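The values are calculated or read from the model by the stated rules, or taken from the named source; none is laboratory data. These numbers come from a predicted model, not from an experiment. Using ideal geometry, Cβ is built from the backbone for each residue, glycine included, and neighbour counts are taken over all protein chains shown.
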Amino acid sequence: MKTDSAGPAVDLYIDVVCPWCYVGNERLERVLAAREAGEPPVAVRYHPFLLDPSTPPEGRDIPSMLRQRYGVDPRRLWARVEGEARKSGFELDLGRQPRMVRTIRAHTLVRHAEARGTAPALVRALYRAYFVDARNVDDPAVLADVASGHGFAPDEAAGLVDDPAELAIPFYVFGDRYAISGAQPEEVLTEALRRATEDARTALV
């Protein structure tokens with residue numbers, strides 16, 4: 001029987017324009033950094049969660065959206081999450097970033113970073129690019145720049161985030177290994193499931 005000395009996996013559903021996701025990710029990083037020496041490593045697996053799937057290509061003005069939706073000064077809504085960020089040891093000023101943007105492109109890079117072992121660092125860099133530096137993380141040039149420090153050549157990153165096949169929804173991952181995007185034919189899904197099942201059986205031998 002094959003034994004696995006690795007620690008548990010943590011599945012984290014995120015959007016890089018979600019302030020609560022940012023706080024939650026920072027807290028998870030603190031928890032993992034505080035683990036005692038010798039404890040098995042923990043794999044963090046990121047999954048896309050779209051905070052606002054209806055965001056148009058030009059983005060949305062966040063203060064206007066919040067005033068219209070809740071009828072209050074946005075600063076009242078931001079105060080709680082900013083306070084929670086301070087409890088976790090970092091400053092978060094939600095007034096710095098005035099626009100909600102689409103994040104399918106950013107999620108595409110995170111997905112490809114998983115196999116390179118750079119996903120946690122890339123996710124953190126994307127949060128900082130959006131919330132701290134007020135950059136547009138739907139802009140291919142911005143994404144290429146951010147990703148260049150996390151295992152991607154700039155041209156490669158720019159190509160990925162402009163490839164319709166990479167941006168297609170839905171997206172499937174079979175057995176943590178076989179990734180398929182878009183509305184693929186049933187025979188393609190069947191083959192991916194067959195290969196993932198064979199791999200799982202082999203791992204038990």
Handout entry: Criterion: over 25 Å from ALA147 (Cα atoms), in contact with a strand residue (DSSP E or B) (Cβ under 7 Å, 6 or more places away or on another chain) and either of a type outside the set (Val, Ile, Thr) or in the same structural domain as HIS150 (by TED's automatic domain parsing) (or both) - qualifying residue of ASP11, ASP52, ASP61
Key = ASP61
Handout entry: Count of residues meeting criterion [closer than 30 Å to GLU198 by Cβ and at pLDDT 85 or above] in the stretch 139-165
Key = 3
Handout entry: Residue in the stretch 89-104 that is aromatic (Phe, Trp, Tyr) and buried (at least 18 other Cβ atoms within 10 Å of the Cβ) present
Key = no
Practice task
Determine whether GLY71 is out of contact with any strand residue (DSSP E or B) (no Cβ under 6 Å at 6 or more places or on another chain), farther than 22 Å from ASP176 by Cβ and loosely packed, with under 11 Cβ neighbours inside 10 Å.
Solution key: yes
Completion exercise
Filtering the stretch 168-205 for residues that are under 20 Å from HIS47 (Cβ atoms) and at pLDDT 85 or above leaves a count of 1
Exercise for the section: Inspect the stretch 27-36 for any residue being at positive phi and surrounded by fewer than 17 Cβ atoms within 10 Å (Cβ to Cβ) and give the result as yes or no. Expected result: no
Exercise for the section: Quick one: count up the residues across the stretch 74-88 that are over 23 Å from the mean Cα position of the chain (by Cα) and surrounded by 15 or more Cβ atoms within 10 Å (Cβ to Cβ). Expected result: 2
Exercise for the section: Could you run through the stretch 124-138 and say how many residues are without any contact (Cβ under 8 Å) to a residue 12 or more places away in the chain and over 22 Å from PHE90 (Cβ atoms)? Expected result: 0
Completion exercise
Restricted to the stretch 50-64 and to residues being among the hydroxyl-bearing types (Ser, Thr, Tyr) and either in a loop (DSSP other than H, G, I, E, B) or under 9 Å from ARG102 (Cα atoms) (or both), the residue modelled with the lowest pLDDT is SER54
Completion exercise
Flagged pairs (Cβ under 6 angstrom, 6 or more apart or on separate chains; first in the stretch 56-78, within 18 Å of CYS18 (Cα to Cα); second in a loop (DSSP other than H, G, I, E, B)) are GLY59/VAL101; ILE62/PRO98
Problem - Residue match in the stretch 144-156 (condition: within 17 Å of CYS21 (Cα to Cα), in contact with a Lys or Arg (Cβ under 9 Å, 6 or more places away or on another chain) and not in a helix (DSSP H, G or I)) - result: no
Problem - Residues of the stretch 124-139 satisfying the condition of being assigned to a loop (DSSP other than H, G, I, E, B) and of a type in the set (Val, Ile, Thr) - result: VAL137
Exercise for the section: Give the residue, chosen from ARG67, ARG35, ARG45, that is in the same structural domain as PRO120 (by TED's automatic domain parsing), of a type outside the set (Val, Ile, Thr) and in a helix (DSSP H, G or I). Expected result: ARG67
